[in-house]
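*Asks:* Before we start, here is the structure in question, set down as structure tokens.
Here, each number is a calculation from the coordinates, and none is a lab measurement. If you're wondering where the values come from, they're calculated on a predicted model, not measured in any experiment. Cβ sites come from the backbone with ideal geometry, for glycine too, and all protein chains shown count toward neighbours.
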């Protein structure tokens, strides 16, 4: 059995892989020099690494060249940028770095955005002098407590479960929606089907978007959803920016449909420098860095190594992507 990777493995990882599959042959390739590695790709059973995205991309070329491959693992959490027709031409298993690998850091970033806004850290950091009066309860944007508020998570999966665990420590009530209703995980009061999104928005003081970018979700959070939110509610997005209608988001924040927003992902990236959102005290934008962490690669590799063992034994893999759903 042959594993082809776009990056070299550390000695510790090689030892782990060897323990899972002693007969595994491991080859490292350079994705910017595919012609030199076509023989290895043609004989690969497993592909691992990070790849360029889109149809006609390097990833599509890799999949086309790897005619024998049965399982591909991408280190990214979202797969919208690598989905291509070549993936659907034959039976393939695609896994990614979602769930356990990315959940803790996205959850922490969502909490950081929320706390920065609730404690007026954005406004305070932009003030070049000592101004306690500017943060009094009579000021337009003043500090408030999040304990006892309701957090509504849109797209509650593995990341949402991690976020709910942290939210519970701050005494937040957590509700969620996803494609289909189901039993809630720990610290979540209820998970409703997507048809109950208006109910969630109407009840939530903090709305967190954790949606993947798919044809079904792209632009789906627009004016109707923003106007359904409470006027004093806050929007947090650490999922995919493309799910939000950009012009509607700007209007909602400028015209005060909602209280404010913490946004790590934007409908258009990079977000235009001339946008007034950059200078609003009730808006915090970070440049798509929620997924950055030195610990993330280790968690992803742990899941991958365990999956190698499962693959060899013919067992179901973890973190499998539903190619039809796109996540």
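*Asks:* Residue 84 versus (1) over 29 Å from residue 239 (Cβ atoms); (2) touching a residue at least 24 places away in the same chain (Cβ under 8 Å): which is the lone unmet condition?
*Replies:* Result: residue 84 fails condition (1) only.
*Asks:* Yes or no: residue 106 in contact (Cβ under 8 Å) with a residue 24 or more places away in the chain and in contact with a strand residue (DSSP E or B) (Cβ under 8 Å, 6 or more places away or on another chain)? Lay out the reasoning, then the answer.
*Replies:* Values: in contact (Cβ under 8 Å) with a residue 24 or more places away in the chain: yes; in contact with a strand residue (DSSP E or B) (Cβ under 8 Å, 6 or more places away or on another chain): no.
No: the conditions fail for residue 106.
*Asks:* Of all the residues that make up the stretch 10-58, how many are assigned to a helix (DSSP H, G or I), more than 17 Å from residue 310 (Cβ to Cβ) and in contact with a strand residue (DSSP E or B) (Cβ under 8 Å, 6 or more places away or on another chain)? Break it down into steps so the answer makes sense when it comes.
*Replies:* Keep residues of the stretch 10-58 that are assigned to a helix (DSSP H, G or I), which gives 11-20, 31-42, 58.
Keeping just the survivors that are more than 17 Å from residue 310 (Cβ to Cβ) gives 11-12, 14-15, 31-42, 58.
Narrowing further to those that are in contact with a strand residue (DSSP E or B) (Cβ under 8 Å, 6 or more places away or on another chain): 14, 31, 37, 40-41.
Count: 5.
*Asks:* Residue 89 is checked against (1) touching a residue at least 12 places away in the same chain (Cβ under 8 Å); (2) under 22 Å from residue 214 (Cα atoms) and fails just one. What number does that condition carry?
*Replies:* Every listed condition holds for residue 89 apart from (1).
*Asks:* Report yes if residue 156 is in contact with a strand residue (DSSP E or B) (Cβ under 7 Å, 6 or more places away or on another chain), in a helix (DSSP H, G or I), within 18 Å of residue 236 (Cβ to Cβ) and touching a residue at least 24 places away in the same chain (Cβ under 8 Å), otherwise no. Reasoning before the result, please.
*Replies:* Details: in contact with a strand residue (DSSP E or B) (Cβ under 7 Å, 6 or more places away or on another chain): yes; in a helix (DSSP H, G or I): no; within 18 Å of residue 236 (Cβ to Cβ): yes; touching a residue at least 24 places away in the same chain (Cβ under 8 Å): yes.
Judged against the criteria, residue 156 is not a match.
*Asks:* Name the residue that is surrounded by the fewest Cβ atoms within 10 Å (Cβ to Cβ), counting only residues in the stretch 155-177 that are touching a helix residue (DSSP H, G or I) at 6+ places or on another chain (Cβ under 7 Å) and under 26 Å from residue 224 (Cα atoms).
*Replies:* 175
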